[in-house]
Amino acid sequence: MWTRVGALESMKPGSTRLVKSGRLQAAVFRLEDGSLHAVDNRCPHEGYPLVQGDVDGCTLTCLWHNYKFDLRDGRCIKGD
């Protein structure tokens, strides 16, 4: 299922947006290189909002427990 989140021009490089569709929430990131990536907004560790995380390159860091995720494929690169 696809959900429209807005015009590409409305998200500047380096920006983040929370998108809700029913009970689901996604954190959408437009990286500095212009690429777009979306992940479940809940960190799998304890459910904290990933939309508030820090992005460095393609790495998203959850601010609460320092879990790190590769935005290109969603895999956890630091944490259980």
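The values are calculated or read from the model by the stated rules, or taken from the named source; none is laboratory data. Bear in mind that the values here come from a model prediction, so they are computed numbers and not experimental data. We place every Cβ from the backbone using ideal geometry, glycine too, and count neighbours over all the protein chains shown.
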**Message:** Here are the criteria: (1) surrounded by 14 or more Cβ atoms within 10 Å (Cβ to Cβ); (2) at pLDDT 95 or above. Tell me which single one Ile77 does not satisfy.
**Reply:** (1)
**Message:** Please verify whether Leu50 is within 15 Å of Cys76 (Cα to Cα) and in contact with a strand residue (DSSP E or B) (Cβ under 7 Å, 6 or more places away or on another chain), treating the condition exactly as stated.
**Reply:** yes
**Residues (closer than 17 Å to Met11 by Cα and either touching a Pro at 6+ places or on another chain (Cβ under 6 Å) or not small (Gly, Ala, Ser) (or both)) located in region 22-53** = Val28, Phe29, Arg30, Leu31, Glu32, Asp33, Gly34, Leu36, His37, Val39, Val51, Gln52
**Subset of region 1-29 that is part of a loop (DSSP other than H, G, I, E, B) and surrounded by 14 or more Cβ atoms within 10 Å (Cβ to Cβ) - its residue that is modelled with the highest pLDDT** = Met11
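Identify, please: which residue in region 36-58 is touching a residue at least 12 places away in the same chain (Cβ under 8 Å) and of a type in the set (Gly, Ala, Ser) and is, among those, surrounded by the fewest Cβ atoms within 10 Å (Cβ to Cβ)?
Of everything passing the filter in region 36-58, Gly57 is surrounded by the fewest Cβ atoms within 10 Å (Cβ to Cβ).
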**Message:** Quick check on region 58-72. Is at least one of its residues among the aliphatic types (A, V, I, L, M) and within 20 Å of Arg4 (Cα to Cα)?
**Reply:** yes
**Request:** Look at region 59-74 and say how many of its residues are surrounded by 15 or more Cβ atoms within 10 Å (Cβ to Cβ) and either more than 12 Å from the chain's Cα centre (by Cα) or modelled with pLDDT under 95 (or both).
**Result:** 2
